[in-house]
Amino acid sequence: KIERKRENKNPPLLFNLAELQNVCSKLFKISPDETLKIVQELYEKKLVTYPRTDARVLSTAVSKEIYKNIAGLRSYSAIGNAAEEILQMGSYKSIAKTRYVNDKQITDHYAIIPTGQGLNVLKSLSQTSQRVYETIVRRFLCIFCPPAVYQKVSLVSMIGKERFFSNFRILQEPGYLKVAGM
């Protein structure tokens with residue numbers, strides 16, 4: 001017996017400091033302190049928004065102006081084409097109605113996102129700082145992309161009187177995973 005089901009996986013929420021530290025620890029093997037130092041430097045160079053935040057969403061006010069952040073990223077070589085596509089799709093226009101914008105979940109500062117400015121400074125930063133920046137940019141752009149779509153297959157086989165169950169997922173449409181690049 002075979003059962004098939006479509007399953008959508010939405011892009012993850014944006015980075016707060018703790019989440020960014022977790023991801024950077026996994027990806028780049030750097031300590032939470034090191035991540036904080038880097039993201040603080042990115043902030044001081046106007047590349048990202050305020051890093052010491054526990055929110056993983058945007059405020060309504062920021063969401064109304066978000067196209068400026070996206071537009072600024074068009075000239076970011078690592079993934080500028082994705083920013084261009086997002087602007088053309090216009091998905092940012094309805095972002096305020098999604099789970100990525102919620103004023104109630106913000107205490108002082110909204111999530112860490114790229115400002116879309118100061119890209120000329122990037123070359124002068126360390127390789128690790130550039131990678132952390134790219135990680136923040138990719139997570140940010142993901143929220144404007146469609147979900148990844150999987151085909152979930154459940155299989156029940158009978159061998160003699162024994163039942164064997166197997167489940168697997170097949171990626172059908174990469175959606176935001178194309179931008180996530182992790």
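The values are calculated or read from the model by the stated rules, or taken from the named source; none is laboratory data. Everything numeric in this text was worked out from a predicted model, so none of it was measured. FYI the Cβ positions are ideal-geometry reconstructions off the backbone, even for glycines, and counts take in every protein chain you see. The area values use the complete protein model at the heavy-atom level, side chains included, leaving out ligands, DNA and RNA. Shrake-Rupley method; radii C 1.70, N 1.55, O 1.52, S 1.80 Å.
Things worth noting here:
- Just one of the listed residues (Leu171, Leu141, Leu177, Leu155) is at pLDDT 95 or above and over 21 Å from Asn81 (Cα atoms), and it is Leu171.
- Test: Ala78 is open to solvent by less than 60 Å² (accessible area, probe 1.4 Å), assigned to a helix (DSSP H, G or I) and touching a helix residue (DSSP H, G or I) at 6+ places or on another chain (Cβ under 6 Å): no
- Within segment 81-107, the set of residues being open to solvent by 90 Å² or more (accessible area, probe 1.4 Å), assigned to a helix (DSSP H, G or I) and within 21 Å of Pro174 (Cα to Cα) comprises Asn81, Glu85, Gln88, Met89.
- Residue within segment 100-114 that is hydrophobic (A, V, I, L, M, F, W, C), at pLDDT 95 or above and in contact with an Asp or Glu (Cβ under 7 Å, 6 or more places away or on another chain) present: no
- Within segment 139-182, the set of residues being in contact with a helix residue (DSSP H, G or I) (Cβ under 6 Å, 6 or more places away or on another chain) and under 18 Å from Gly90 (Cα atoms) comprises Leu141, Cys142, Phe144, Cys145, Tyr176, Val179.
- Selection within segment 112-138 - closer than 13 Å to Leu20 by Cα, assigned to a helix (DSSP H, G or I) and not aromatic (Phe, Trp, Tyr): Ser129, Arg131, Val132, Glu134, Thr135, Ile136, Val137, Arg138
- Flag for Ile2 being surrounded by fewer than 14 Cβ atoms within 10 Å (Cβ to Cβ), touching a strand residue (DSSP E or B) at 6+ places or on another chain (Cβ under 9 Å) and not basic (Lys, Arg): yes
- Residue check for Gln127: exposed (fewer than 12 other Cβ atoms within 10 Å of the Cβ) and at pLDDT 95 or above: yes
- Residues in segment 23-53 that are open to solvent by 60 Å² or more (accessible area, probe 1.4 Å), in contact (Cβ under 8 Å) with a residue 24 or more places away in the chain and under 16 Å from the mean Cα position of the chain (by Cα): Leu27 alone.
- Annotation note: Cβ proximity below 7 Å between a residue of segment 139-164 that is under 23 Å from Asn16 (Cα atoms) and a residue that is open to solvent by less than 70 Å² (accessible area, probe 1.4 Å) and part of a strand (DSSP E or B) (sequence gap 6+ or interchain) occurs for Arg139/Phe15; Phe140/Pro114.
- Test set (1) within 17 Å of the chain's Cα centre (by Cα); (2) closer than 21 Å to Asn16 by Cβ - Thr107 fails condition number: (1)
- From the list Phe144, Phe168, the one residue that fits, being out of contact with any strand residue (DSSP E or B) (no Cβ under 8 Å at 6 or more places or on another chain) and aromatic (Phe, Trp, Tyr), is Phe144.
- Residue, most open to solvent (accessible area, probe 1.4 Å), within segment 5-22, restricted to residues that are within 17 Å of the chain's Cα centre (by Cα) and charged (D, E, K, R): Lys9
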